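Heads up, the thing below is written out as structure tokens.
The values are calculated or read from the model by the stated rules, or taken from the named source; none is laboratory data. Predicted, not measured: the structure shown is a model, and the values here were computed from it. Positions of Cβ are backbone-derived with ideal geometry, glycine not excepted, and every protein chain shown enters the neighbour counts. Areas reflect the complete protein model, heavy atoms only, side chains present, ligands, DNA and RNA absent. Shrake-Rupley method; radii C 1.70, N 1.55, O 1.52, S 1.80 Å.
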Amino acid sequence: MSGAPVRRGGPPLPSTLRELSRPGRRASGFATLDVPEAGVPGDLAREGRPGLPEVAERDIVRHFTRLSQMNYGVDTGFYPLGSCTMKYNPKVAEATAALPGFARLHPHQPEDTVQGALELLWTLERSLCEVTGMHRATLQPPAGAAGELTGLLIMRGYHTKNGNPRSKIVIPDSAHGTNPASVTMAGYVPVHAPSDARGLVDLGQLEKLLDEEVAGLMLTNPNTLGLFEEEIEGIAEAVHRVGGLLYFDGANLNAILGRVRPGDMGYDIVHMNVHKTFATPHGGGGPGAGPVAVVERLEPFLPAPVVAHDEATGRFRWDRDRPDAIGRVHGFHGNFGILVRAFAYVLAHGHDGLREVGERAVLNANYLATLVRDAYPLAFPGRPMHEFVSTARPLKAHGVRAMDVAKRMIDLGFHPSTVYFPLIVEEAMMVEPTETESKETLDAFAEALLRVAREAAQDPELLHDAPTTTPVRRLDEARAARDLRVRW
Amino acid sequence: MEFPGDLRYTKEHEWVRVEGTRARVGITDFAQDALGDVVYVDVPEMGASVQAGSTFAEVESTKSVSDVYAPVSGTVVERNESLGDAPERVNEDPYGEGWIVVVEMGDPSQVDSLMDAATYEAFMRSQAGG
């Protein structure tokens, strides 16, 4: 991040550590060497110095603190990115994960000394299976997309065991981009199923795509348009009729928590994004966790090891003797610290609390959609669940596009919604307020969106110029991508 | 928005200009406008064989990455090398400098099944209403 940094009390700060660098300046000093020097062998030593920035500790702290202040996150404000579920992360989960008994564990410790950690993993697995209506789960996958790949490899393991791995996976045209990517990585060919005028899977069209080469169907429910797939039972039956498996992309599980379970809808495999459903931090792309739960007939294919519980002795141990397992999908046992946070969230809410999480997420999205739908019509007629997709198409008459609306919202102090996704909606604006926001925040956001719609009619240039109040103005995204320069 | 009368069009918004037994292929004005600023075009290699209806190239914009489907089957005999440095040509001149490949057609009669300009415009209007 560059631009024109502002600082109170002192000369303007340069944007990069490189510009702060002064020859000989150091962040730390070493005592005089009083032991024989052990040099790096000649063939391994650098020919010259590496050319690192030379700065004081004070420079580093101010530089990165300033960058962090320019950042925006759920701890600083409303973050209604549709599809991403940027909800507030309760600090009790952070405190729990920081307890020394969790934080200082070593993955190579003997089982006898980590019974509590194993019990936590076991109990979390049971909780996730209860939430999803599944039989067993793996906690290894380090992210949602890794969970997708894991689920698809389980699918491949199952079909291979039955004599034919099959070649195709069907995905709706509204799906997340990770779905076809995971399918390809798992060695399958993605086949797109069209959405109908309601924004739902067209069952008639789907049936034409199904045959004995289809390994399964990946389907988010509610789907990527925030709409509940009403014909899910018919879809499940059609997929099972050709021997395929039904995969639940858990990206939107937060909408149905405690109301309906994927297992009861006919799904066979479920991945969960714990950062969405159970409010673990999104992080900077990690570490994350994407547990995968399966029905009983798929249990043998789960990655090994899994936690086993001996009810007679009450002891927990690693079960590694699983000949049909697809193999490991991550080092050790997944990102344990994130799983502790997810477990803390589950325990803090309990069954009724989790149900309320889902209900409030749906209520908030519908409340907000109702406030703004006159200016930004819903892309599909059905009632949205935890997020809604509007279109900025009416503003095109004024030469204003969804991207201009998004940039203007920054000027008004809000993080914009997702724009231009899902791809099948023109000038899409996808809003997901989440359950953690207050009515006051939702009202203020709606008011800002409506103000921008009025501005689009009265003064479109204002929107084209936005943002005007940020350290950097409108970024030239096309040039940034065409003329890539990476510096530090 | 412009749709030249000498071209044929697909429902996936590609155009074809017939040059003897060869077909020059690109994406339409509508497609480039919907995609927004194009930042990268993945152009197939010389000699690559393409199948009508199958994806053969990718266009990446600031919004998304989209597949380009081959309107006709055949072999790639020319590729637009200039898109490597100047992908914006797809936006600026979709029917001219923004072409993607030239294909030597296996079966030139495949062109007959593509839409003419008037049919394509009518198709797009029906889509916009949806």
Checklist entry - Relative contact order for the range A:353-473: what is it in percent, counting Cα pairs under 8 Å that are at least 6 residues apart? => result 30 percent
Checklist entry - What helices does chain A hold that run 18 Å or longer along their axis, going by alpha-carbon atoms, with a Kyte-Doolittle average of 0.5 or more, using DSSP H for the helix calls? => result A:336-372
Checklist entry - What is the gain in length, in nm to one decimal, between A:ARG126 and A:SER68 on full extension, counting 0.36 nm per residue of separation less the C-alpha to C-alpha distance? => result 17.1 nm
Checklist entry - If you count, for each residue, the other Cβ atoms within 10 Å and average over each peptide, how do A:225-238, A:458-471 line up from highest to lowest? => result A:225-238, A:458-471
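What's the ranking of A:267-277, A:250-260 by average number of surrounding C-beta atoms within 10 Å, highest first?
Ranked by mean Cβ neighbours within 10 Å, highest first: A:267-277, A:250-260.
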Checklist entry - Roughly speaking, what is the stretch gain from A:ARG104 to A:LEU484, that is 0.36 nm per residue apart minus the C-alpha to C-alpha distance, in nm to one decimal? => result 132.7 nm
Checklist entry - Between A:ASN164 and B:GLU12, how many nm apart are label points set 7 Å from Cα along the C-beta direction? => result 2.6 nm
Checklist outcome for this item: Note on the protein assembly as shown, DSSP bridge orientation, antiparallel percent to nearest 5 equals 70 percent
Checklist outcome for this item: With a 1.4 angstrom probe the carbon and sulfur portion of accessible area for the range B:16-59, in percent, totals 48 percent
Checklist entry - Calculated FRET efficiency, A:LEU17 and B:ARG125, Cβ-Cβ r, R0 60 Å, to nearest 0.05? => result 0.65
Item to check | Estimated inter-spin distance, A:VAL472 and A:ALA38, nm [label 7 Å along Cα→Cβ] | outcome: 4.4 nm
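In debye, nearest 20, what is the charge dipole magnitude of chain A about its Cα centre with +1 on Lys and Arg Cβ and -1 on Asp and Glu Cβ, if you could check? Kindly include the intermediate steps, with their values, before the conclusion.
Details: 51 positive and 60 negative charges, 343 e Å.
Dipole of chain A, to the nearest 20 debye: 1640 debye.
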Next on the checklist: Roughly how far apart, in whole Å, are the Cα centres of the range A:392-445 and the range B:53-119?
Outcome noted: 33 Å
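With every protein chain kept in place and ligands, DNA and RNA left out, what is the accessible area per residue of the range A:195-257? Probe 1.4 Å, answer in Å².
About 30 Å² of surface per residue is accessible.
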Checklist entry - Restricting the count to DSSP beta bridges whose residues both fall in the range A:92-349, what percent are antiparallel, rounded to a multiple of 5? => result 40 percent
Checklist entry - Per-residue mean of other chain beta-carbon atoms within 10 angstrom of the beta-carbon, peptide A:471-477? => result 1
Item to check | chain A, accessible surface, carbon-and-sulfur percent (1.4 angstrom probe) | outcome: 54 percent
Item to check | Semi-axes of the equivalent ellipsoid for the range A:353-473, Cα gyration tensor, largest first, Å | outcome: 25, 16, 12
Checklist entry - List for the range B:67-94: residues with 20 Å² or greater reduction in accessible area, all protein chains versus chain alone, probe 1.4 Å? => result B:GLU88
Checklist entry - Mind checking how much accessible area B and A bury in total, 1.4 Å probe, in Å² rounded to 100? => result 800 Å²
Checklist entry - Among B:6-14, A:129-137, how do they line up from the highest to the lowest mean number of other beta-carbon atoms within 10 Å? => result A:129-137, B:6-14
Checklist entry - Points 7 angstrom from Cα along the Cβ direction at A:ARG26 and A:ASP173: gap in nanometres? => result 6.5 nm
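Using only the Cα atoms of the protein assembly as shown, what semi-axes does the equivalent ellipsoid have when each is the square root of 5 times a gyration tensor eigenvalue? Give whole Å, largest first.
Working: eigenvalues 335, 247, 166 Å².
Value: 41, 35, 29 Å, ordered largest first.
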Checklist entry - Taking every residue in B:54-62, how many Cβ atoms of other protein chains lie within 10 Å of its Cβ, on average? => result 2
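A 27 angstrom limit on the alpha carbon distance is what I want to check against. Which of A:LYS87/A:LYS407; A:LYS208/B:LYS63; A:LYS396/A:LYS439 exceed it? All intermediate terms of the calculation are to be shown ahead of the outcome.
Details: A:LYS87/A:LYS407 21 Å; A:LYS208/B:LYS63 31 Å; A:LYS396/A:LYS439 30 Å.
Too far apart for the 27 Å limit: A:LYS208/B:LYS63; A:LYS396/A:LYS439.
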Checklist outcome for this item: Per the 1/(1 + (r/R0)^6) rule, R0 = 25 Å and r from the Cβ atoms of A:HIS351 and A:ASP321, FRET efficiency to 0.05 is 0.15
Checklist outcome for this item: The relative contact order of the range A:92-349, taking Cα pairs under 8 Å that sit 6 or more residues apart, comes to a percentage of 28 percent
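Report, in debye and to the nearest 20, how large the dipole of the range B:8-122 comes out about its Cα centre when Lys and Arg carry +1 and Asp and Glu carry -1 on their Cβ. Walk me through the intermediate numbers first.
On the way: 8 positive and 23 negative charges, 62 e Å.
Roughly 300 debye for the range B:8-122.
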